[in-house]
Structures are given as structure tokens and as C-alpha cells.
Amino acid sequence: MKHRLYRIFAILALLCSAAGAQAQELFVYPTPPDSMQTLQQRSDYFISRFWDRCNFGSAMANPVKFNKSFGDWLSLMPHASADTVHAAVNKLLKRFEKQGPETLALVNMAENWMWSDTASMHSEELYTPFVRAAVANKKISKAEKARYQAQLKILESSAVGATVPDFTFIRPDGTTGRLSDAAEGASVLIFVNDPDCDDCRMARVRLSADVNTRDLIDKGRLTLISLLPDEPNAEWREAAAAYPENWVVGAMEDADTLFDLRYPPVFIYLDSDHKVLAKGLDIDHLLGAFRVANTQKRRNR
């Protein structure tokens, strides 16, 4: 509770004072008028007008301070309306759409703040426009674009709200399976895991033993696809022989081109049309959701 209150007070202080911005020696931050009382109103004002007084030439010549200001701008976005945030991001990117180095500087900062392993506010939704801008910019070389093109494919294939492409995988018996083989009308849980990963092994044990997961699969309400993010090998085939019979099991060598695999095990939950409803789930929350879903179904009978 103390941490939450401290964060709120820090936000309000940022919204109410331009003195902190002057200390940045770059530009003065906007100050919302006193007539705006709610946090969202003040955040909308701050986000939409943030860069109005910025001299980008001098700001970008001081990357450390510019990065700090960029982070201050992002920090208020979770409290602003979605329309305001997206409009502000698009306005900033459009300013540099014909300038390669400047666009690259923006996407690099955005990556550090929202995508990297050390990101302080991980957000695929906010990061995606920056990646798209880098990929579309004709002044950025193919070599510099390559990593962002790979990221964009992942973001557009498996971000929340995206429809996962109909990928293929190799079953333990050597035959080919597809996402479209999932039971019609069933939700899909994509479970990317590796026999050598301790957290993956524990998640497999808990999913295998969970009565609600088993019940949802047996009743055709859920298809669980367990994927090895590598080419099939003897060790995996031996381990897969012990997986539950009602799981779909496969190896997908190019899984890292569709899914963000930095934090295994990876769970991606899809609706029956293979649209991503949730990702980044941990095993406790996942099993809790299955328990609630199965309990509600029983009550509705």
C-alpha cells in the first residue's frame, strides 16, 4: 500500500510541477490546468502536449537526458486514455518518418523502456508502433532493420489481440501437425517448453496433475499444445512419451519467429478462432483460471 501511494504522489508531483523538467535542461514539461481534477485528465494533457516545447535537435544531442525525458513521458501513459496515448505516439513518430537516425534513436529508447530484458514498463501495445516505424523507414538500412523486422513478426503474430498464424509442428511419431487441427470450438493453450528447463518441467507436472485442465480438455473445451522450441530429438521423444495422452505434443524449430521465448515456460491462451486473449501468464494464475472456468461450467448445468 505504501509503495502504491508513493507512486501516486510521484505521478501527481510530475503532473503538477514544471520545475523538475527545467532540471533536465532540455525543455519545460507541460503543466495541466487546475481545472483538471482527475488523474486521467491530467495525464491526457501531459501526454498529448509533452513534446510541444522540445527542441529535438538539441535534445537528441544529449541522449542521456533525452532518454530520461522519454521515460517520464512513458511513465504517465498507463494513466491516460488509450486514444490519447496512441495519438501522441503516432504524432511523435510522424515527426521523424523521413529521418532515419532519429527514428532509430526513438525505437532504441522504446526498446530499452518497453521490450528489453531490463524494461521498466513492458508493453507490447505501446512498443509496436515504434517497431513498425523503424521497419517502414526508408532511411534505415536493411541491416539495422533486421532485428526490428524479427520483433515485428513476433508482435503481429502473438501479441494480445493478434490472430496466431496456422503454424506447423512435428509430432513425436514424425507426422506433421497444425494449429488448425485443434478441436473446433475449443480454446487453445500454447505451452512452449523444453525438457531441460526446470520451470518448464514443474509446469508440465502441475498441468498434468490438474483435474480442471484435464476436465476441460476431455470435454472438448480446451486444446493444449505442448511445443518444443527446437527440432525433434531422441531425448524429447522419450520425455514426450510420458506427457498426458490428451495433450497435442510437437516440436517447432522456428517457434522463436512467432513467439517471444525469452522467459520460459511460455503460455499463450487463444480463443477458438486462435486470437490471443492472454499471454505472459504464470502457472498459478493459469491453473486458477481453469479452476474458475470449470467450476462455472458445472454451475451452469
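The values are calculated or read from the model by the stated rules, or taken from the named source; none is laboratory data. Only a predicted model underlies this, so the values are computations on that prediction, with no experimental measurement involved. All Cβ positions, glycine included, derive from the backbone under ideal geometry; neighbour counts span all protein chains shown. Quick note on the areas: whole protein, heavy atoms, side chains included, nothing else; ligands and nucleic acids left out. Shrake-Rupley method; radii C 1.70, N 1.55, O 1.52, S 1.80 Å.
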Size of the range 82-192 as Cα extents on the principal axes (Å, biggest first) = 52, 33, 25
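Between Asn246 and Gln99, what length in nm is gained on full extension when 0.36 nm per residue of separation is reduced by their alpha carbon distance? Don't skip to the end; give the middle numbers.
Details: separation 147, 0.36 × 147 = 52.92 nm, distance 5.31 nm.
Contour length minus the Cα-Cα distance gives 47.6 nm.
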ask   = R0 = 30 Å: FRET efficiency of Asp230 with Ala209, Cβ-based, nearest 0.05?
value = 0.75
ask   = Which value in deg cm²/dmol, rounded to the nearest 500, describes the helix-derived mean residue ellipticity at 222 nm for the chain, given -39,500 (n - 2.57) per DSSP H run of n ≥ 4 and division by the residue count?
value = -15500 deg cm²/dmol
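Can you give me the % of accessible surface on the range 19-98 that is carbon or sulfur? Probe 1.4 Å, all protein chains present, nothing else counted. Don't skip to the end; give the middle numbers.
Details: 2080 of 4110 Å².
Answer for the range 19-98: carbon and sulfur cover 51 percent of the accessible area.
Just the accessible area per residue of the chain, please: how many Å² with a 1.4 Å probe?
Values: 15920 Å² over 301 residues.
Dividing the accessible area of the chain by its residue count gives 53 Å².
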message = I'd like the distance between the alpha-carbon centres of the range 129-200 and the range 45-92, rounded to an integer number of Å.
response = 30 Å
inquiry  = Through the Karplus equation 6.51 cos²θ - 1.76 cosθ + 1.60, θ set to phi - 60°, convert the phi angles of the range 148-163 into ³J(HN,Hα) values in whole Hz; use x for Gly and Pro.
reply    = 6, 5, 5, 5, 5, 4, 5, 5, 7, 8, 9, 6, 4, x, 7, 9
message = Given a Förster distance of 35 Å, report the FRET efficiency between Asp198 and Glu125 from their Cβ-Cβ distance, rounded to the nearest 0.05.
response = 0.65
query = Most fluctuating residue of Ala203, Ala159, Ala110 in a GNM of the chain with Cα springs under 10 Å: which is it?
reply = Ala203
request  = Arrange the peptides 27-37, 78-88 so that the one whose residues have, on average, the most other Cβ atoms within 10 Å appears first.
outcome  = 78-88, 27-37
Where N is the number of residues in the chain, Cα Rg divided by 2.2 N^0.38 Å = 1.20
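If you place +1 on the Cβ of every Lys and Arg and -1 on the Cβ of every Asp and Glu, how big does the dipole about the Cα centre of the chain come out, in debye to the nearest 20?
Details: 36 positive and 38 negative charges, 243 e Å.
Rounded to the nearest 20 debye, it is 1160 debye.
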ask   = Within straight cross-link reach of Lys68, meaning Cα distance under 27 Å, which lysines are found once same-chain residues fewer than 8 apart are removed?
value = Lys2, Lys91, Lys94, Lys98, Lys139, Lys145
query = So how tilted is helix 63-75 from the main axis of the chain? Cα-based, degrees 0 to 90, rounded to 10.
reply = 70 degrees
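Short version: what are the Cα gyration tensor semi-axes of the range 128-184, square root of 5 times each eigenvalue, largest first, in whole Å? Intermediate values should be presented prior to the final figure.
Working: eigenvalues 202, 42, 9 Å².
So the three semi-axes of the range 128-184 are 32, 14, 7 Å.
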note = Restricted to the chain, the DSSP antiparallel beta bridge percent, nearest 5, is 55 percent
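Quote the FRET efficiency, to the nearest 0.05, computed for Ala61 versus Leu261 with a Förster distance R0 of 35 Å and r equal to the Cβ-Cβ distance.
Working: r = 37 Å, r/R0 = 1.07.
Taking R0 as 35 Å, the efficiency between Ala61 and Leu261 is 0.40.
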ask   = What residue among Glu238, Glu125, Glu111 shows peak mean-square fluctuation when the chain is described by a Gaussian network model with Cα springs under 10 Å?
value = Glu238
key: Cα-based convex hull volume of the range 20-133 per residue, rounded to whole Å³   = 101 Å³
